[in-house]
Amino acid sequence: MTRRHPHQRLRIAEGGPDAPHALFARAREADRFHPRDRTLPFSAVLSGAMLGQAGYRVALDEIASDSTVSLNDRLDAVFVEIAFGQMPFYRPVLERLRGRVDLVAAYGPYAEAHPEAVLDAGAVAVIDGDPESVVSPLAAWWRSGRRPAPPPGLWWRDGRTLRHSGAAPSAKTDELPFVPASVLRSERYHKYSFPLALGRPLHWGFILATRGCFYSCRFCSSMARQSYRLTYRRCAPERLVAEMDYQVREAGRTVLSVEDEIFTGDRKWAMEICRLLAAKNRRTPWIIQTRLDHMDEELADALRTAGCVGMTCGVESGSDDVLERLNKKSKVAEIRRSAAMLDRLGFRNRYTFMIGAPGETPDDVRRTERLARELNPLIAQMSFCTPYPDTALAEGLAGETAMRHTDRPWGNVSEMPDEIIARLRRRFYRRYYLSARYLDAHLADWLGYAWHNPGRAAILTWKALAFFGRVLFSGDATGRCVPDNPPASGRAAPSQRVREVT
Ligand code: SF4
């Protein structure tokens, strides 16, 4: 029996009456394993927009593993996003697509790491690289009857032999299309993690101006980044400003999130953007993601003048030892100075922390807790340090790490037992969000957000109650988790297996 889910196919490109149909499929939110918020999936949307430029009719769907809602229609090509932890979900989808759709290709961290498993399940090609630089050439090659040679960035099978067509070029940031207004206007994507009080309803726009990052933090995974690759690239400042204008003008966006991994990584570039925006006297607020050690007062001032109202920064830990072990290349003193300066200038920030790093002790966690309370951001998020398979942290570890790691540590690489980590994290949240200092600084923000965004606030409250109900008050730190290779009964849980190997 199949179910129809109330979602939600999003039109990315219209195409003509005889246009070939392409679909980008990804797991619906309830089945995704990494808490990626409701942030726009750039790879699907931009690759889809490029296919649209090539004459395709393109849609984006969020599907359930037993859903055929997206698959019954006439489709010439389906591109499936597969992240770590999602193969059990996608195997039945790929099996159903096999033979029914001419071109079934997969992309994403898991697909890149395990092309053979994905090809065996039913895909005819696996994309290895930025989908934006491979999807259109792949579709053209397929429609031409697979002549002459496949474009670079593909795994496929030739009989029983696995073949690779060579490294794909990185997506060129200046040549990418803008995020289509039709996708933004759908309101499907909303940054629940940034409940800003801006005196108006928040209609989020999303932009990716740079790709990659020149740091190599040991925990950094493409599961948590917008860029598949770390190669650092940035678009021309004028292009970013033009896309901001487009999203406000054509899609009615009232706030913009620039989702770059490290917006101020190139200070001169960031300053030029601020100069262009200030000269236009733009009024639409925007937020960024960056590192606190890539911030100084002049730059912060320029950002504020240009309308930037907040930022997400990865703090990770209040212990220099832990930061060093994570190869974060930042110091607590520097973080403290920078955050205090941003606070003084009135930015509303979201800082992310981590628990369960290698060698981390309960004392280190206390330092992190104290630092968070001192910085007192609008949102403090603590994630479990997770050795995703594409990280340096996972080197030497065995087993697939699949997880809903909002609920429990997975592949625990610290010396602390899982239950201690989960308990310390519960304590972190309880002490942070229920403190007088937090409520004094941010209650008005929450009320302002709720007043102008009542529907979103209701959803957020429901999500928060469900999350905090589990995290704060339940003694049960375990949640749902579905490994890619589920352990046979009697075998150790994956986190234990990882520890055995270490
Ligand atoms: S700074 Fe951020 S994006 Fe860059 S490697 Fe570290 S965690 Fe990844």
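Within the range 109-124, residues that are assigned by TED's automatic domain parsing to the domain that holds PRO152 sit with their Cβ atoms under 6 Å from residues that are β-branched (Val, Ile, Thr), at 6+ positions apart or across chains, in these pairs: TYR110/ILE82; ALA111/ILE82; ALA111/VAL118; ALA111/VAL126; PRO115/VAL126; VAL118/VAL126; ALA123/VAL104; VAL124/VAL104. Applying a threshold of 7 Å to beta carbon distances and a minimum spacing of six or more residues, or different chains, the list of pairs starting in the range 43-56 at a residue that is part of a helix (DSSP H, G or I) and ending at one that is surrounded by fewer than 24 Cβ atoms within 10 Å (Cβ to Cβ) and among the polar types (S, T, N, Q) reads MET50/SER136; LEU51/SER136. Only residues that are farther than 18 Å from HIS442 by Cα and charged (D, E, K, R) were counted in the range 332-354, giving 3. Contact map, the range 298-311: residues that are in contact (Cβ under 8 Å) with a residue 12 or more places away in the chain paired with residues that are part of a loop (DSSP other than H, G, I, E, B) and among the hydroxyl-bearing types (Ser, Thr, Tyr), Cβ distance under 7 Å, separation 6+ or inter-chain. Pairs shown: LEU299/THR264; GLY307/THR284.
Evaluating ASP158 against the criteria (1) farther than 24 Å from ALA224 by Cβ; (2) in contact with a strand residue (DSSP E or B) (Cβ under 9 Å, 6 or more places away or on another chain) leaves one unmet condition, (2). Residue count for the range 314-330 satisfying the condition of being in contact (Cβ under 8 Å) with a residue 24 or more places away in the chain and either within 16 Å of the ligand (Cβ to nearest atom) or basic (Lys, Arg) (or both): 11. Give me the residue from the range 187-213 that is modelled with pLDDT of 95 or more and aromatic (Phe, Trp, Tyr) and, out of that set, nearest to LEU60 (Cα to Cα). Among residues in the range 187-213 that are modelled with pLDDT of 95 or more and aromatic (Phe, Trp, Tyr), the one nearest to LEU60 (Cα to Cα) is PHE206. Here the range 388-421 is the region considered, the condition is being of a type in the set (A, V, I, L, M, F, W, C) and at pLDDT below 90, and the residue that is farthest from ALA111 (Cα to Cα) is VAL413. Evaluating THR305 against the criteria (1) within 16 Å of the ligand (Cβ to nearest atom); (2) more than 22 Å from ARG38 (Cα to Cα); (3) among the hydroxyl-bearing types (Ser, Thr, Tyr) leaves one unmet condition, (1). Exactly one residue out of GLY205, GLY212 is under 30 Å from PRO115 (Cα atoms) and either within 16 Å of the ligand (Cβ to nearest atom) or surrounded by 18 or more Cβ atoms within 10 Å (Cβ to Cβ) (or both): that is GLY212. Quick check: is even one residue across the range 223-246 within 16 Å of the ligand (Cβ to nearest atom), without any contact (Cβ under 8 Å) to a residue 24 or more places away in the chain, surrounded by fewer than 22 Cβ atoms within 10 Å (Cβ to Cβ) and in a loop (DSSP other than H, G, I, E, B)? Yes, the range 223-246 contains a residue that is within 16 Å of the ligand (Cβ to nearest atom), without any contact (Cβ under 8 Å) to a residue 24 or more places away in the chain, surrounded by fewer than 22 Cβ atoms within 10 Å (Cβ to Cβ) and in a loop (DSSP other than H, G, I, E, B). PRO285 passes every criterion in (1) free of Cβ contacts under 8 Å to residues at least 40 places away in the same chain; (2) in contact with a strand residue (DSSP E or B) (Cβ under 6 Å, 6 or more places away or on another chain); (3) away from the ligand (no atom under 16 Å from the Cβ) apart from (1). Just wondering, is there one or more residues in the range 110-117 that are of a type in the set (Asp, Glu) and at pLDDT 90 or above? Yes, the conditions are met somewhere in the range 110-117.
Every test in (1) in the same structural domain as VAL45 (by TED's automatic domain parsing); (2) buried (at least 17 other Cβ atoms within 10 Å of the Cβ); (3) part of a loop (DSSP other than H, G, I, E, B) is passed by GLU132 save one, and that test is (3).
The values are calculated or read from the model by the stated rules, or taken from the named source; none is laboratory data. Just so it is clear, the model here is predicted, and its values are computed rather than measured. Here the Cβ is made from the backbone with ideal geometry for all residues, glycine too, and neighbour counts use every protein chain on show.
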